[in-house]
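Undergrad: Once you've had a glance at the structure underneath, I'll fire off some questions.
Only the coordinates and a few stated rules stand behind these numbers; no lab work does. Just so you know, these numbers come straight off a predicted model, no measurement behind them. We place every Cβ from the backbone using ideal geometry, glycine too, and count neighbours over all the protein chains shown.
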Amino acid sequence: SQQGEEDPQALSIQEGENATMNCSYKTSINNLQWYRQNSGRGLVHLILIRSNEREKHSGRLRVTLDTSKKSSSLLITASRAADTASYFCATVFKAAGNKLTFGGGTRVLVKP
Amino acid sequence: GAVVSQHPSWVICKSGTSVKIECRSLDFQATTMFWYRQFPKQSLMLMATSNEGSKATYEQGVEKDKFLINHASLTLSTLTVTSAHPEDSSFYICSARGNVRRGYGYTFGSGTRLTVV
């Protein structure tokens, strides 16, 4: 089963603009992770944020986590055409066997 | 960094035959491996979790006898789709989880596209 929803389902922006996507989840978590998937390929880990963290940065990526609202956001600044991909959030809850449970994903298209 | 090799990357098989997909962790020992299924433009759905030397734990709604999982060693897990039918056509992805304290989190294979004709 999926953990929750991602919003928006699809996003189209111009190169140089920022892209923001949101993820909501249903259960308690130990951490939340964001992944990127190029069409027909495997997943690449982008960033992990622990349940006791509120914000994390990695290069052009900024992730926030609000455990009271059970939501997270991923911001990609100064987007590039190469950022075109699907982005998924995934949660980990140790009591559930450390399995990664994915959200629905956001398909991002960055137009040059 | 951690690398997971998944083979084959694509396979076409006839209805009624079985297909085996391999997932290998190349440079670390995977304490747990996960198998996911992904339909076009959809998210990854967890099928099962396997730990080396023990039976896999299947998610609700996943047929154990149809999707056979074997985790024979700390570096190899296989998924066999038995008596495949066209509705089994999908993208299958494995993920291996190593020792988190050593920096090995969840590493994904590149996926296998299965087409049953």
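Undergrad: Arranged by the count of other C-beta atoms within 10 angstrom, fewest first, what order do B:Met45, A:Met21 take? Walk me through the numbers on the way to the answer.
TA: Working: B:Met45 18, A:Met21 24.
Arranged by neighbour count, lowest to highest, B:Met45, A:Met21 become B:Met45, A:Met21.
Undergrad: So if I average 1/r over every pair of distinct C-alpha atoms in chain A and take the inverse, what Kirkwood radius in Å does that give?
TA: For chain A, inverting the mean 1/r across all distinct Cα pairs yields 13.9 Å.
Undergrad: I would also like to ask the following. Where does each of B:87-99, A:26-38 land if you order them by average Cβ count within 10 Å, highest first?
TA: B:87-99, A:26-38
Undergrad: In addition: Averaged over A:85-97, how many beta carbons belonging to a partner chain fall within 10 Å of each residue's beta carbon?
TA: 2
Undergrad: For segment B:32-45, what does the Karplus curve 6.51 cos²θ - 1.76 cosθ + 1.60, with θ = phi - 60°, yield as ³J(HN,Hα) per residue in whole Hz, taken in order and with x for Gly and Pro?
TA: Ordered by residue, 3J(HN,Hα) equals 9, 10, 10, 10, 10, 10, 9, 8, x, 6, 10, 7, 8, 10 Hz.
Undergrad: Here is a follow-up. Compute the projected area of the convex hull of the Cα atoms of the protein assembly as shown, averaged over all viewing directions, and report it in nm² to one decimal place.
TA: For the protein assembly as shown, averaging the hull's shadow over all directions gives 12.3 nm².
Undergrad: Looking at the P(r) of chain B, how many percent of alpha-carbon pairs lie beyond 20 Å?
TA: 37
Undergrad: Okay, next question. Over the whole of B:89-98, what's the average partner chain Cβ count within 10 Å per residue? Rounded to a whole number, please.
TA: 2
Undergrad: Is there a quick way to get the dipole size of segment A:55-112? I mean about its Cα centre, with the Cβ of Lys and Arg at +1 and of Asp and Glu at -1; what is the value in debye to the nearest 20?
TA: About 40 debye.
Undergrad: Another question about this same structure. Tally Lys and Arg at +1 and Asp and Glu at -1 over the other residues with C-beta under 14 Å from the C-beta of A:Ile13: what net charge comes out?
TA: Every neighbour counted, the sum reads +1.
Undergrad: Mind telling me which of B:Ile69, B:Ile21, B:Ile12 comes out most flexible in a GNM of chain B, alpha-carbon contacts under 10 Å?
TA: B:Ile12
Undergrad: Let me ask something additional. Which pairs break 32 Å Cα to Cα here: A:Lys26/A:Lys56; A:Lys56/B:Lys55; A:Lys56/A:Lys99; A:Lys56/B:Lys66?
TA: Going by Cα-Cα distance, A:Lys56/B:Lys55; A:Lys56/B:Lys66 fall outside the 32 Å limit.
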